[in-house]
Amino acid sequence: MPSVFIKTYGCQMNERDSEAVAAQLVTKGYSLAKSESAADVVLLNTCSVRDLAEQKAINKMKNLVGTAKKDRPNQILGYMGCMAQSRGKELIEKLPDVDLVLGTQKFHRAAEYLDELLAGKREKIVDVEAEAKSEATIREHLLNGSAKTSVSAFVSIMQGCNQYCTFCIVPYTRGEERSRSIPDIVAECRQLVSQGVKEITLLGQIVTSYGKRGFGRAELPLGQDAQQRVPTTDGKSPFVQLLEAVHEIRGLERIRFTAPHPKGYDDDLVEAYARLPKLVESAHLPVQSGSDRVLKLMHRGYTRDRFLGIIKKLRRAKPDIGITTDIIVGFPGETEDDFEQTLSLAREVQFDNAYIFKYSQRRDTPAAGMPDQVPLKIREERNHRLLETVNEIGKRKYDAFVGRRTQILVEGPSKKNPARMTGRTRCNKIVVFEGAERHRGQLLDVKITRAGSFTLYGDPAIVNL
Ligand code: 5AD
């Protein structure tokens with residue numbers, strides 16, 4: 001029985017893809033190795049969104065090649081995911097010891113290709129072709145990784161992105177937007193809930209565009225395509241219709257989703273928060289910049305005002321909603337004045353947390369060729385200044401929880417200290433507490449006793465008294 005080790009870089013979509021590949025391989029008789037050195041096959045699931053992520057995966061592969069040559073001559077090494085897709089056979093040309101390059105629409109072929117490589121039937125395989133319906137192939141789960149039930153699961157609802165933000169490589173690595181059908185997604189969610197899952201996060205590169213381009217168009221004759229398309233009904237977008245359908249599942253306690261796009265964040269979605277109790281008070285809404293001039297250069301499709309308007313409506317619907325964002329500093333042409341508008345937006349919105357990225361030139365994207373690229377030193381300095389502001393606001397927000405009672409869903413032992421348990425509030429804050437395995441999967445009321453850096457500490461016993 002061959003064993004496989006998968007190392008994942010990048011976003012939650014990548015984590016989900018790796019899980020689906022691992023589950024597929026287990027079904028086909030592979031075992032999951034505990035480390036790279038113990039594995040017959042090592043796969044790196046890669047990210048291309050910034051240069052640093054690519055460099056990490058390239059250096060990692062160089063190390064693997066070095067040790068494999070010396071200690072494990074028969075080990076199969078492969079790249080999969082976004083960098084595999086965007087660089088293709090170039091990866092093997094640069095590192096001839098790599099055996100497999102598997103693109104983002106080919107994850108479901110992993111077992112077949114690895115079988116061929118392990119049997120010596122083929123020496124190298126590169127497959128980065130587009131494949132119709134590949135969006136519906138990310139469906140297998142590894143629920144019992146450590147023989148314990150998973151409480152929270154991720155479900156991939158779509159692939160690709162058609163927004164073409166000028167900084168972003170995703171449309172080139174993930175392809176055109178393609179959505180799975182509502183019944184297909186609901187069936188997967190139902191199955192998960194029947195296996196003990198309490199919380200589902202619906203995943204896609206741009207979930208607010210879900211279903212807007214129909215389903216699996218490439219394979220359907222024209223007439224059928226029209227029937228398969230989910231139209232907006234009663235003012236509800238296909239994504240909100242999906243949320244409603246998932247909400248119906250009995251036994252499911254919480255629904256999350258990531259990532260939406262402000263452009264598609266319409267009133268029907270804001271209203272869904274007020275209407276659907278399982279949809280928790282949490283939104284990750286990438287803003288990228290606070291300057292209208294930069295937003296336009298980025299091709300984001302909204303203004304600062306429109307973004308602030310969405311936040312206002314969300315807070316009106318759910319005053320306790322946790323709001324996080326992504327911000328890029330040092331986009332080409334960003335002036336000190338533009339940057340200060342981003343700082344002021346962060347202060348105005350009071351994000352619970354923000355993920356800040358220094359702009360990174362990605363090949364073949366329009367922004368890579370724009371004039372006035374911002375020097376690294378300035379990007380670093382802006383990154384630092386914004387981080388200070390975001391952390392200060394975050395600290396205040398987290399401190400405000402101390403003394404409050406809040407509901408958490410217990411996920412399992414804390415990674416940092418397995419003697420403690422960890423759960424999550426509805427507004428997506430991690431709470432660590434002295435608990436036991438029997439709490440896993442429970443919705444528990446805790447009193448927050450202390451706030452750390454983007455972590456809360458709670459005490460269920462106080463509430464039980
Ligand atoms: N440079 C820096 N950050 C980027 N992101 C996407 N492309 C780039 C780039 N070229 C960031 C965006 C996005 C997050 C996932 O990564 O903020 O929301």
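Just one of the listed residues (R72, R122, R87, R50) is touching a Ser or Thr at 6+ places or on another chain (Cβ under 7 Å) and farther than 30 Å from V246 by Cβ, namely R50.
Looking at this structure, is Q341 on the phi > 0 side of the Ramachandran plot and surrounded by 15 or more Cβ atoms within 10 Å (Cβ to Cβ)? Answer is no for this residue. If you go through segment 281-298 and keep only what is within 16 Å of the ligand (Cβ to nearest atom), over 26 Å from T233 (Cβ atoms) and either without any contact (Cβ under 8 Å) to a residue 24 or more places away in the chain or in contact with a helix residue (DSSP H, G or I) (Cβ under 8 Å, 6 or more places away or on another chain) (or both), you end up with P286, V287, Q288, S289, G290, S291, V294, L295, L297, M298. Taken as a whole, the condition of being of a type in the set (F, W, Y) and over 22 Å from G452 (Cα atoms) does not apply to F401.
Evaluating K212 against the criteria (1) closer than 23 Å to I310 by Cβ; (2) modelled with pLDDT of 95 or more; (3) away from the ligand (no atom under 16 Å from the Cβ) leaves one unmet condition, (2). For the structure I just gave you, tell me whether I323 is among the β-branched types (V, I, T) and either closer than 16 Å to P260 by Cα or out of contact with any helix residue (DSSP H, G or I) (no Cβ under 9 Å at 6 or more places or on another chain) (or both). Yes; evaluated as a whole, the condition is true for this residue.
Close contacts from segment 348-377, counting a first residue that is farther than 16 Å from T166 by Cβ and of a type in the set (F, W, Y) and a second that is at pLDDT 95 or above and more than 7 Å from the ligand (Cβ to nearest atom), with Cβ to Cβ under 7 Å and a gap of 6+ residues or different chains, come to F351/I323; F351/T324; F351/T325; F351/V390; F351/I393.
Given the criteria of a type outside the set (G, A, S) and within 18 Å of the chain's Cα centre (by Cα), does T166 qualify? So T166 fails the test. Hey, could you check segment 123-156 for residues that are out of contact with any Leu (no Cβ under 9 Å at 6 or more places or on another chain) and surrounded by fewer than 13 Cβ atoms within 10 Å (Cβ to Cβ) and say which is modelled with the lowest pLDDT? Residue satisfying both the conditions and the ranking: A147. Here is a check on your reading of the model: is V193 out of contact with any strand residue (DSSP E or B) (no Cβ under 6 Å at 6 or more places or on another chain), within 30 Å of R438 (Cβ to Cβ) and not in a loop (DSSP other than H, G, I, E, B)? Yes; evaluated as a whole, the condition is true for this residue. The set of residues in segment 438-454 being in a loop (DSSP other than H, G, I, E, B) and in contact with a Ser or Thr (Cβ under 8 Å, 6 or more places away or on another chain) consists of R440, G441.
From the list G81, G160, the lone residue that is at pLDDT 95 or above, under 21 Å from the mean Cα position of the chain (by Cα), closer than 17 Å to V4 by Cβ and within 16 Å of the ligand (Cβ to nearest atom) is G81. Need pairs with beta-carbon distance below 8 Å; first residue closer than 19 Å to G235 by Cβ and within segment 259-280, second charged (D, E, K, R) and within 14 Å of the ligand (Cβ to nearest atom); sequence gap 6+ or separate chains. Correct list of pairs: P262/R300; K263/R300.
Taking the condition under 15 Å from V128 (Cβ atoms) and free of Cβ contacts under 8 Å to residues at least 40 places away in the same chain, does I58 pass? Criteria not met by I58. Being more than 16 Å from the ligand (Cβ to nearest atom), under 26 Å from the mean Cα position of the chain (by Cα) and either at pLDDT 95 or above or within 21 Å of F357 (Cβ to Cβ) (or both) is the requirement here; does L25 meet it? Taking the combined requirement at face value, the residue satisfies it.
In summary, helices (runs of 4 or more DSSP H) completely within segment 1-119 and bearing 2 or more residues that are in contact with a Lys or Arg (Cβ under 9 Å, 6 or more places away or on another chain) and among the acidic types (D, E) occur at 51-71, 110-118.
The residue that is nearest to G290 (Cα to Cα), counting only those in segment 333-387 that are more than 12 Å from the ligand (Cβ to nearest atom) and under 21 Å from the mean Cα position of the chain (by Cα), is F351.
Put simply, of T449, T406, T425 the only residue that is surrounded by fewer than 19 Cβ atoms within 10 Å (Cβ to Cβ) and in contact (Cβ under 8 Å) with a residue 24 or more places away in the chain is T449. Whenever a residue of segment 317-329 is within 8 Å of the ligand (Cβ to nearest atom), its partners that are hydroxyl-bearing (S, T, Y), lying with C-beta atoms within less than 8 angstrom and at least six residues away or across chains, give the pairs D326/Y355; I327/S289; I327/T342; I327/Y355; I328/S289; I328/Y359. Per the conditions (1) within 16 Å of the ligand (Cβ to nearest atom); (2) touching a residue at least 60 places away in the same chain (Cβ under 8 Å); (3) assigned to a loop (DSSP other than H, G, I, E, B), the sole criterion not satisfied by T173 is (3).
The values are calculated or read from the model by the stated rules, or taken from the named source; none is laboratory data. Source: prediction; values computed, not measured. With ideal geometry, Cβ positions are generated from the backbone for all residues, glycine too; neighbour counts draw on all protein chains shown.
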